[in-house]
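Worksheet: the structure to be examined is printed underneath.
The values are calculated or read from the model by the stated rules, or taken from the named source; none is laboratory data. Model, not experiment: these values are computed from the prediction. As a convention, Cβ positions derive from the backbone with ideal geometry for all residues, glycine included, and neighbour counts pool all protein chains shown. Surface accessibility is based on the protein's heavy atoms, side chains included, excluding ligands, DNA and RNA. Shrake-Rupley method; radii C 1.70, N 1.55, O 1.52, S 1.80 Å.
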Amino acid sequence: MPWRFRYRRPPHAFVLTRDRVVHVSVAPRAGSARERLGTVQVQARDLPPGALQPGAHGEPLAGKAVAEAVGALLAGPRAKVAAASLAVPDDFLRIASVDVDGDARGAREAEEIVRWKVGRLFGEPVPALRLSWQPAGDAPAGGGRRYLVLAAVEPAVASWEAAFAARGIRIGALEPASLAVTSIARDALPGGGFLVWADGTSVSTAFLSGRDLRFLRTTETGGDPEQALQEIRLAASFVGGDAEDAASRLDLHGPAVVAPWNAPAVERFRAFRRDGGGPEPLSLWSTLESRGLGRRQEDPAVAVGVGLLAGEE
């Protein structure tokens, strides 16, 4: 069965990075969104070297040290956490847009096509995969549907879940970081626009049409800001599905939210906008602060955790 994108979110979120586990929580009975952001609490624990080990396909496997870090986070007189959401770095899994033509007969055949197309990204033989997908509008070629698909190697997902299950925590929503923070971008861009997320050595670009996520692309850039800019521009060209059709391209000087603000890739993108006479993009972190998050040093993992908590049901 696929994961679902919409959940009844518990008031606890965990963010697993390559070197930390971060716990973000809110008072469950706070009323408005502003009140909830005002109650955000954050705890973090560093992971020792080797806490994540590569699996047979290079996937990051969580070992005993991750479970111990989770346990350390929850030590002391805190309420027991029975359920939580989890986010991982974008490059812990694959994010793909898959077009299924109108000849597919029913949901089962569409699922088979999605699985086959995504499986090809992993090479042969295709490993056991955990998949999630949601409709993302019409396929540009006409007559079909586009799906946004998340795919991760099953042993990796199982190991992440097991690290929390060892502490009695059931993981519900499991998302890549960029997808988690789109819930914040939705509120900052009520008329639509796009998000540039550049935490780490990859860059992700998410296109929102109103509140609907229409496109999400993640590419490893090795931390090179020039390559990141080219990938953002390439993602914009694919929003309409035709990299050669200038009319279909996303306006990179239109409404945008970026994070982290001082990441080299974001700084290069901001310079690109200035050089083209475009406005300064919105800061994801400033958006959170304007909506009630207490002032603190910008931490991408905190933004991801808040995004998980705010995810749409």
Note on the range 128-173: residues of a type in the set (Gly, Ala, Ser) and either part of a loop (DSSP other than H, G, I, E, B) or touching a Cys at 6+ places or on another chain (Cβ under 7 Å) (or both) are Ala128, Ala139, Ala141, Gly142, Gly143, Gly144, Ala166, Gly168
Taking the range 1-18 and keeping only residues that are assigned to a strand (DSSP E or B), at pLDDT 90 or above and either among the hydrophobic types (A, V, I, L, M, F, W, C) or open to solvent by 40 Å² or more (accessible area, probe 1.4 Å) (or both), one is left with Ala13, Phe14, Val15, Leu16
Residues of the range 135-154 satisfying the condition of being touching a Pro at 6+ places or on another chain (Cβ under 9 Å) and either hydroxyl-bearing (Ser, Thr, Tyr) or surrounded by fewer than 16 Cβ atoms within 10 Å (Cβ to Cβ) (or both) = Tyr147, Glu154
Residue list for the range 19-57, filter: within 19 Å of Glu161 (Cβ to Cβ) and modelled with pLDDT under 90 | Ala56, His57
Does Val181 qualify as being under 15 Å from Ser283 (Cα atoms) and not in a loop (DSSP other than H, G, I, E, B)?
-> yes
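Name the residues in the range 32-65 that are of a type outside the set (A, V, I, L, M, F, W, C) and farther than 23 Å from Ala303 by Cβ, would you?
Pro48, Pro49, Gly50, Gln53, Pro54, Gly55, His57, Gly58, Glu59, Gly63, Lys64
So which residues in the range 256-301 are of a type in the set (Asp, Glu) and either in a helix (DSSP H, G or I) or open to solvent by less than 60 Å² (accessible area, probe 1.4 Å) (or both), if there are any at all?
Of everything in the range 256-301, those that are of a type in the set (Asp, Glu) and either in a helix (DSSP H, G or I) or open to solvent by less than 60 Å² (accessible area, probe 1.4 Å) (or both) turn out to be Glu267, Asp275, Glu289, Asp299.
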How about the range 191-214: which of its residues are basic (Lys, Arg) and not in a strand (DSSP E or B)?
-> Arg211
Keeping to the range 190-216, report how many residues are of a type in the set (D, E, K, R) and either in contact with a Phe, Trp or Tyr (Cβ under 9 Å, 6 or more places away or on another chain) or open to solvent by less than 20 Å² (accessible area, probe 1.4 Å) (or both).
-> 1
Just give me the residues in the range 215-228 being touching a residue at least 12 places away in the same chain (Cβ under 8 Å), part of a helix (DSSP H, G or I) and within 18 Å of Asp91 (Cα to Cα), in sequence order.
-> Pro225, Ala228
